[in-house]
Amino acid sequence: MKNFVKGLMGVMLIVIAIGTIFYWEVYGRQNFLYKDIVVLNKDVDKNEVITSEMVEYKKVEQTTLIDNAIDDDLSIVGKAAKNYIPGGVQLVKEYFENSELVLDEDQYIFRIPLEWLKAFPNTLRRGDVIYFYEVDTGTIQHDTTEGQIILNNKEVSNNEPITSAVVAYVKDGSNNEVITLSEEDRYNGSNVINEIEIVTDVDTVNLLRESIDNKKIFIIMYQ
């Protein structure tokens with residue numbers, strides 16, 4: 001009987017030891033030696049606003065953690081990158097700043113269809129205030145000598161814009177934000193603008209759509 005009890009206890013100790021090793025390898029090691037931190041799942045350009053789709057959690061060994069590594073995704077969602085940030089790296093709050101893009105309760109982000117536009121400056125950037133000039137769908141002549149845009153023999157600048165808006169984003173053909181590569185010269189952009197998104201409300205969108213329905217399109221200008 002004693003031998004049976006000793007044998008049973010030995011088997012139990014072996015099972016407990018195996019269970020402990022299994023728990024350590026599967027759960028314990030990650031819980032004690034690793035920490036979940038927030039990383040970006042893609043490269044982010046300077047001034048690009050962080051969205052929830054851009055972030056994910058990654059387990060990193062405690063010994064490789066940098067000081068104050070971000071472990072809460074909500075702390076950076078909605079903020080703008082101060083500089084270019086490659087995907088997958090550890091992040092700290094100093095990499096980000098508050099975005100200038102703040103929406104009121106009745107405001108939305110609206111992408112202007114390209115077919116609504118006749119012309120716009122390729123130097124547009126996020127935060128610019130733009131003005132919509134309503135024009136016919138006729139041919140526009142560019143007077144490069146005088147730096148004026150002429151439509152039907154009339155200077156567009158003589159007309160009043162029908163509305164204005166703040167630029168939320170300008171993006172290239174790859175859906176990346178077009179940014180200024182030089183701190184001093186905004187004409188040195190990262191790419192050609194293919195898409196303009198604005199901060200607006202339903203009434204303004206309906207106003208623009210009404211012009212399109214009336215066979216008008218827009219020239220966009222900014223100061």
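Brief remarks follow.
- Extent along principal axes [Cα atoms of region 32-78; Å; largest to smallest]: 34, 17, 17
- Interchain or long-range residues, amide H under 5 Å from PHE96's placed H: LYS82
- Taking amide hydrogens as placed 1.01 Å from N in the peptide plane, the amide H of GLY189 sits under 5 Å from those of LEU181, each at least 5 positions away in sequence or on another chain.
- Out of every Cα-Cα pair that region 178-219 contains, those further apart than 11 angstrom amount to 73 percent.
- Separation between Cα centres of region 159-180 and region 50-64, rounded to whole Å: 31 Å
- When the C-alpha to C-alpha distance is required to be over 30 Å, the pairs from LYS82/LYS216; LYS171/LYS215; LYS58/LYS79; LYS82/LYS118 that qualify are LYS82/LYS216; LYS82/LYS118.
- Neighbour counts of C-beta atoms inside 10 Å place LEU208, LEU181 in the sequence LEU181, LEU208, starting with the fewest.
- The ellipsoid that matches the Cα gyration tensor of region 57-99 has semi-axes, each √(5λ) in whole angstrom, of 19, 11, 9, with the longest given first.
- Neighbour counting of Cβ atoms within 10 Å sorts the residues ASP36, ASP172, fewest neighbours leading, into ASP36, ASP172.
- Sorted fewest first by neighbouring Cβ atoms within 10 angstrom, MET54, MET12 come out as MET12, MET54.
No value in this document is a laboratory result; all are computed from the given coordinates. Keep in mind that what you see is a predicted model, and the values were worked out from it rather than measured. No Cβ is skipped: glycine too gets one built from the backbone with ideal geometry, and neighbour counts run over all protein chains shown.
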